[in-house]
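Asker: Here you go, one structure.
The values are calculated or read from the model by the stated rules, or taken from the named source; none is laboratory data. This is a predicted model, so every value here is computed, not measured. Positions of Cβ are backbone-derived with ideal geometry, glycine not excepted, and every protein chain shown enters the neighbour counts.
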Amino acid sequence: MPPVCLMNLFPKSLKVSSHQDLTLSRRDSHMTLLRIPWTMLSFFKINLIAFLTFAGFSMKAAACILSVLWSLFCMYFRAKLPLGDPNDLSVIEAKLTWIVHIIAAILKIKQCTGCSTESQEVIDAELSARVLRLISATDSGLHSLRYGELSKQRLDRAILTFFQHFRKSYVGDQAMHSSKLYARLSELLGLHDHLLLLNVIVGKIATNLKCYTESEDVIDHTLSLFFELASGYMTGKLLLKLDTVKFIIANHTSEHFPFLVEYRCSRSRTTFFYTIGWLIFTEDSAVKFKSAMEPFLRVFVSLESTPDTMLRSDAVKYALIGVMRDLRGIAMATNSRRNYALLFDWLYPKHMAVLLKGITHWADTPEVSTPLLKFMAEFVLNKAQRLTFDSSSPNGILLFREVSKLLVAYGSRILSLPNVADIYAFKYKGIWISLTILSRALAGNYVNFGVFELYGDRALADALDIALKMTLSVPLADILAYRKLTKAYFTFLEVLFSNHIEFLLNVETNTFMHIIGSLESGLKGLDSSISTQCASAVDNLAAYYFNNITMGEAPTLPAAVMLARHIAECPRLLPEILRTLFEIVLFEDCNNQWSLSRPMLSLILISEQIFTDLKAQILGSQWTSINVFPCVLTNLWLMLPAA
């Protein structure tokens with residue numbers, strides 16, 4: 001009989017390169033461990049977890065799996081001796097990977113069905129005990145020299161998947177203490193509570209982080225599990241009791257974790273220090289925070305002492321990349337006012353000059369500028385109201401001044417450089433991150449921006465000027481083509497029209513028309529979140545026009561005079577936007593009609609004649625619906641929000 005391939009049961013990232021590794025024959029006696037023919041499984045290619053649930057997993061099936069696992073484990077244990085054949089070992093590791101994934105799926109049955117029986121807990125304990133015993137062999141003998149082998153990496157990722165499902169079912173905030181499971185694990189392995197099991201899991205996490213230096217997939221999977229444990233309320237508290245975790249927090253350097261010096265794993269650094277920061281702030285200890293920041297302090301001192309002529313060296317380049325990714329992880333973990341204050345006081349003002357020096361010398365190198373800008377984007381984000389300073393504190397203003405310096409330094413340099421083939425990575429990515437930084441700083445509600453104009457400080461004006469220049473340097477077609485750039489651009493415009501509309505009104509008419517035209521393009525887009533932001537911007541513009549021009553005898557404010565001049569030079573501007581809004585609401589299936597109706601009302605109030613003319617135009621173009629359309633418009637008028 002032809003063999004049945006099980007490769008389609010696993011995620012793409014876990015698949016092997018040949019059928020030999022993960023293929024079983026129907027003649028194999030172990031194929032009877034499930035009650036549904038393999039032909040049905042292969043034909044429908046159903047999910048393994050759903051299949052096991054539907055099949056009705058039993059103790060007999062568990063015994064079959066234990067038998068297979070035990071024979072494979074014996075071969076795997078013998079293969080760790082120097083006499084083992086590497087080719088045979090790869091096949092054994094592939095088979096063990098298959099079995100461990102099945103056991104992980106069996107553990108997940110409890111999550112899918114929502115119920116647990118004592119017999120099921122005993123089965124889970126028996127199967128889990130075998131996998132936990134397997135872990136002790138994977139990192140000893142010849143196996144400890146195979147971290148570069150793909151089959152070894154897949155086995156370790158299968159073990160991580162097992163840990164994830166085991167944690168969700170039997171460890172953590174949502175899992176009840178399962179007496180039968182822990183009683184059986186205590187008999188088999190001496191593991192009788194959550195803390196001991198977490199110690200085993202964290203031990204494997206630490207081993208992976210120490211031994212894997214080039215496998216980005218294993219590192220990312222390991223860090224994902226580590227963060228899941230650290231972010232849980234109960235598991236996070238338990239982790240802090242473990243010596244292994246204390247060691248990781250106290251020794252988070254490349255000397256102990258070599259993957260930190262591998263550039264291919266540099267993105268993993270952010271997750272690593274996000275987890276470490278989460279654990280540090282869980283204890284809420286300023287002393288431990290200061291101790292954990294010592295390695296970063298040494299890097300900053302080294303960078304500060306580097307002469308400007310040496311700042312373009314590779315050593316400085318990789319030091320900047322690493323420390324910016326690391327600090328971004330720490331900043332992501334600051335979720336309270338107290339925690340953020342610890343990081344802010346550590347960084348400002350003593351070390352802030354390093355960021356400005358780095359962006360000044362490396363603006364043309366996205367490898368350096370992107371991590372630096374992303375750190376600043378995280379640092380200025382006022383999530384959970386963490387950027388709440390005392391009423392007598394100038395820290396909010398001082399922080400924005402640093403943001404302004406950074407953006408001006410980056411923007412003035414990136415705009416002077418010629419375009420390259422990969423313009424998104426070289427230019428557009430830095431621009432959208434810069435817009436995100438400024439949008440978050442402007443909307444963070446921790447800066448009184450009136451202070452800058454009052455005291456003649458150009459920090460706000462310079463930041464807005466360079467941001468506008470960066471947006472104008474990107475063609476509208478490119479803005480709409482790149483999703484992240486689109487989101488950052490329209491978020492920036494929404495913030496400007498909401499809080500800094502005078503700045504936009506004082507630009508040249510051509511620039512103003514370009515901005516309004518981009519809003520109209522955003523309204524026509526398929527993304528409802530973007531169209532909502534554009535509608536909000538149009539509503540603020542129309543409201544400003546109504547309050548300062550329509551309701552007044554004559555515009556007196558300089559910004560209102562400029563707006564009147566812009567509209568006079570392009571009288572069809574507002575009617576065209578109103579027409580676009582009507583067409584979207586009346587003829588398209590949009591899920592944000594209420595958001596779109598707000599600017600419609602504001603535009604109608606500016607001039608009722610515009611609405612009358614537009615209604616006549618729409619009625620004339622829709623002659624087939626002429627009897628129904630007036631009623632539709634009347635109903636729509638009644639739906640509009642109150643002024």
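Asker: In the stretch 524-577, which residue that is more than 38 Å from the chain's Cα centre (by Cα) and among the basic types (Lys, Arg) is farthest from Asn592 (Cα to Cα)?
Answerer: So, considering only residues that are more than 38 Å from the chain's Cα centre (by Cα) and among the basic types (Lys, Arg), the one farthest from Asn592 (Cα to Cα) is Arg565.
Asker: If a residue must be of a type in the set (S, T, N, Q) and touching a Lys or Arg at 6+ places or on another chain (Cβ under 8 Å), how many such residues does the stretch 223-275 contain? Write out each step before concluding.
Answerer: Of all residues in the stretch 223-275, those of a type in the set (S, T, N, Q) come to 224, 231, 235, 244, 251, 253-254, 266, 268, 270-271, 275.
Narrowing further to those that are touching a Lys or Arg at 6+ places or on another chain (Cβ under 8 Å): 235, 266, 270.
Number of matching residues: 3.
Asker: Tell me, which residue of the stretch 592-627 that is farther than 30 Å from Asn547 by Cβ and not hydrophobic (A, V, I, L, M, F, W, C) is modelled with the highest pLDDT? Explain how you work it out, then say what you get.
Answerer: Taking the stretch 592-627 as the starting set, the residues that turn out to be farther than 30 Å from Asn547 by Cβ are 619-627.
If we keep only those that are not hydrophobic (A, V, I, L, M, F, W, C) too, we end up with 620-622, 624-625, 627.
Values: Gly620: 78, Ser621: 74, Gln622: 65, Thr624: 50, Ser625: 52, Asn627: 54.
Within the stretch 592-627, the match that is modelled with the highest pLDDT is Gly620.
Asker: Specify which of the listed residues (Val585, Val561) is within 22 Å of His500 (Cβ to Cβ) and part of a helix (DSSP H, G or I).
Answerer: Values: Val585 fails: within 22 Å of His500 (Cβ to Cβ).
Only one candidate qualifies: Val561.
Asker: Continuing with the same structure: Of a type in the set (A, V, I, L, M, F, W, C) and assigned by TED's automatic domain parsing to the domain that holds Leu417, is that true of Val451?
Answerer: Working: of a type in the set (A, V, I, L, M, F, W, C): yes; assigned by TED's automatic domain parsing to the domain that holds Leu417: yes.
Here the answer is yes, as Val451 does meet what is asked.
Asker: Test Ala183 against the criterion of being assigned by TED's automatic domain parsing to the domain that holds Ile106, surrounded by fewer than 22 Cβ atoms within 10 Å (Cβ to Cβ) and not aromatic (Phe, Trp, Tyr), and give yes or no.
Answerer: Working: assigned by TED's automatic domain parsing to the domain that holds Ile106: yes; surrounded by fewer than 22 Cβ atoms within 10 Å (Cβ to Cβ): yes; not aromatic (Phe, Trp, Tyr): yes.
When the stated conditions are applied, Ala183 passes them.
Asker: Here's something else I'd like to know. Quick one: would you say Arg298 is of a type in the set (Lys, Arg), farther than 16 Å from Pro371 by Cβ, modelled with pLDDT of 95 or more and not assigned by TED's automatic domain parsing to the domain that holds Ala333? Walk me through how you get there before you give the answer.
Answerer: Numbers: of a type in the set (Lys, Arg): yes; farther than 16 Å from Pro371 by Cβ: yes; modelled with pLDDT of 95 or more: yes; not assigned by TED's automatic domain parsing to the domain that holds Ala333: yes.
Yes, satisfied.
Asker: Let me ask something additional. Out of the residues in the stretch 116-156 meeting the condition of being within 35 Å of the chain's Cα centre (by Cα) and part of a loop (DSSP other than H, G, I, E, B), tell me which one is nearest to Val171 (Cα to Cα).
Answerer: The extreme case among them is Ser116.
Asker: Can you spot a residue in the stretch 608-616 that is over 38 Å from the mean Cα position of the chain (by Cα), surrounded by 16 or more Cβ atoms within 10 Å (Cβ to Cβ), assigned to a loop (DSSP other than H, G, I, E, B) and not small (Gly, Ala, Ser)?
Answerer: No: the stretch 608-616 contains no residue that is over 38 Å from the mean Cα position of the chain (by Cα), surrounded by 16 or more Cβ atoms within 10 Å (Cβ to Cβ), assigned to a loop (DSSP other than H, G, I, E, B) and not small (Gly, Ala, Ser).
Asker: Answer yes or no as to whether Phe492 is touching a Leu at 6+ places or on another chain (Cβ under 7 Å) and either surrounded by fewer than 21 Cβ atoms within 10 Å (Cβ to Cβ) or of a type in the set (A, V, I, L, M) (or both). Write out each step before concluding.
Answerer: Values: touching a Leu at 6+ places or on another chain (Cβ under 7 Å): yes; either surrounded by fewer than 21 Cβ atoms within 10 Å (Cβ to Cβ) or of a type in the set (A, V, I, L, M) (or both): no.
No, not satisfied.
Asker: Given the criteria among the aliphatic types (A, V, I, L, M) and not in a helix (DSSP H, G or I), does Ala554 qualify?
Answerer: Values: among the aliphatic types (A, V, I, L, M): yes; not in a helix (DSSP H, G or I): yes.
Yes, satisfied.
Asker: Could you tell me whether any residue of the stretch 156-164 is among the acidic types (Asp, Glu), crowded, with 22+ Cβ neighbours inside 10 Å and either out of contact with any Lys or Arg (no Cβ under 6 Å at 6 or more places or on another chain) or under 27 Å from Leu127 (Cα atoms) (or both)?
Answerer: As a first pass, look at the stretch 156-164 and keep what is among the acidic types (Asp, Glu): 156.
Keeping just the survivors that are crowded, with 22+ Cβ neighbours inside 10 Å gives 156.
Remaining after also requiring either out of contact with any Lys or Arg (no Cβ under 6 Å at 6 or more places or on another chain) or under 27 Å from Leu127 (Cα atoms) (or both): 156.
Checking the stretch 156-164: at least one residue is among the acidic types (Asp, Glu), crowded, with 22+ Cβ neighbours inside 10 Å and either out of contact with any Lys or Arg (no Cβ under 6 Å at 6 or more places or on another chain) or under 27 Å from Leu127 (Cα atoms) (or both).
Asker: Please find, among Ala183, Ala158, the residue that is modelled with pLDDT of 90 or more and over 20 Å from Met234 (Cβ atoms).
Answerer: Details: Ala183 fails: modelled with pLDDT of 90 or more.
Just one listed residue meets the conditions, Ala158.
Asker: What pairs come up if the first residue lies in the stretch 213-236 and is within 17 Å of Leu197 (Cβ to Cβ), the second is crowded, with 16+ Cβ neighbours inside 10 Å and basic (Lys, Arg), and their beta carbons are under 8 Å apart, counting only those six or more places apart or on different chains?
Answerer: Once the first residue is within 17 Å of Leu197 (Cβ to Cβ) and sits in the stretch 213-236, its partners that are crowded, with 16+ Cβ neighbours inside 10 Å and basic (Lys, Arg) give Leu225/Arg167; Glu228/Arg167; Leu229/Arg167; Thr235/Arg167.
Asker: I need a count of the residues in the stretch 276-295 that are under 22 Å from Tyr318 (Cβ atoms) and either of a type outside the set (D, E, K, R) or touching a residue at least 12 places away in the same chain (Cβ under 8 Å) (or both). Full working, then the answer.
Answerer: Applying the first criterion (under 22 Å from Tyr318 (Cβ atoms)) to the stretch 276-295 yields 276-277, 292-295.
Next cut, either of a type outside the set (D, E, K, R) or touching a residue at least 12 places away in the same chain (Cβ under 8 Å) (or both) only: 276-277, 292-293, 295.
Qualifying residue count for the region: 5.
Asker: Could you tell me which of the residues Ser392, Ser434, Ser412, Ser439 is free of Cβ contacts under 8 Å to residues at least 60 places away in the same chain and within 24 Å of the chain's Cα centre (by Cα)?
Answerer: Ser439
Asker: Scan the stretch 242-266 and report the pairs whose first residue is within 17 Å of Val218 (Cβ to Cβ) and in contact (Cβ under 8 Å) with a residue 60 or more places away in the chain and whose second residue is surrounded by 20 or more Cβ atoms within 10 Å (Cβ to Cβ) and aromatic (Phe, Trp, Tyr), with Cβ atoms within less than 9 Å and a gap of 6+ or a chain change.
Answerer: Leu260/Phe272
Asker: Please indicate, with yes or no, whether at least one residue in the stretch 186-195 is touching a Ser or Thr at 6+ places or on another chain (Cβ under 7 Å), modelled with pLDDT under 90 and either in a loop (DSSP other than H, G, I, E, B) or surrounded by fewer than 15 Cβ atoms within 10 Å (Cβ to Cβ) (or both). Outline the logic, then answer.
Answerer: In the first step, residues of the stretch 186-195 are kept if they are touching a Ser or Thr at 6+ places or on another chain (Cβ under 7 Å); the result is 192.
Narrowing further to those that are modelled with pLDDT under 90: 192.
With the extra rule that they be either in a loop (DSSP other than H, G, I, E, B) or surrounded by fewer than 15 Cβ atoms within 10 Å (Cβ to Cβ) (or both), the set shrinks to 192.
Yes, the stretch 186-195 contains a residue that is touching a Ser or Thr at 6+ places or on another chain (Cβ under 7 Å), modelled with pLDDT under 90 and either in a loop (DSSP other than H, G, I, E, B) or surrounded by fewer than 15 Cβ atoms within 10 Å (Cβ to Cβ) (or both).
Asker: Hey, among the residues in the stretch 581-594 that are surrounded by fewer than 19 Cβ atoms within 10 Å (Cβ to Cβ) and in contact (Cβ under 8 Å) with a residue 60 or more places away in the chain, which one's farthest from the chain's Cα centre (by Cα)?
Answerer: Step one: of the stretch 581-594, the residues surrounded by fewer than 19 Cβ atoms within 10 Å (Cβ to Cβ) are 583, 585-594.
Now narrow it down to the ones that are in contact (Cβ under 8 Å) with a residue 60 or more places away in the chain: 590-592.
Working: Cys590: 27, Asn591: 26, Asn592: 25 Å.
Among them, the one singled out is Cys590.
Asker: Could you please give the count of residues in the stretch 319-356 that are surrounded by fewer than 16 Cβ atoms within 10 Å (Cβ to Cβ) and of a type in the set (Asp, Glu)?
Answerer: Within the stretch 319-356, residues that are surrounded by fewer than 16 Cβ atoms within 10 Å (Cβ to Cβ) and of a type in the set (Asp, Glu) number 1.
Asker: May I pose another question? Evaluate the following for Met376: is it aliphatic (A, V, I, L, M) and surrounded by 24 or more Cβ atoms within 10 Å (Cβ to Cβ)? Quick ask: steps written out before the conclusion?
Answerer: Numbers: aliphatic (A, V, I, L, M): yes; surrounded by 24 or more Cβ atoms within 10 Å (Cβ to Cβ): yes.
Answer is yes for this residue.
Asker: Further, regarding this structure: I'd like the full set of residues that are of a type in the set (S, T, N, Q) and under 26 Å from the mean Cα position of the chain (by Cα), limited to the stretch 343-369. Steps first, please.
Answerer: As a first pass, look at the stretch 343-369 and keep what is of a type in the set (S, T, N, Q): 360, 365, 369.
Once the filter is applied, which keeps residues that are of a type in the set (S, T, N, Q) and under 26 Å from the mean Cα position of the chain (by Cα), the stretch 343-369 yields Thr365, Ser369.
Asker: Taking into account only those residues within the stretch 363-396 that are of a type in the set (Lys, Arg) and in a helix (DSSP H, G or I), which is farthest from Leu415 (Cα to Cα)?
Answerer: Taking the stretch 363-396 and keeping what is of a type in the set (Lys, Arg), we get 374, 383, 386.
Next, only the ones that are in a helix (DSSP H, G or I) stay: 374, 383.
Working: Lys374: 19, Lys383: 31 Å.
Restricting to residues being of a type in the set (Lys, Arg) and in a helix (DSSP H, G or I), the top hit is Lys383.
Asker: Let me ask you something else. Considering the stretch 562-580 alone, what residues qualify as being basic (Lys, Arg) and loosely packed, with under 15 Cβ neighbours inside 10 Å?
Answerer: In the first step, residues of the stretch 562-580 are kept if they are basic (Lys, Arg); the result is 565, 572, 579.
Listed by number, the residues that qualify are Arg565, Arg572.
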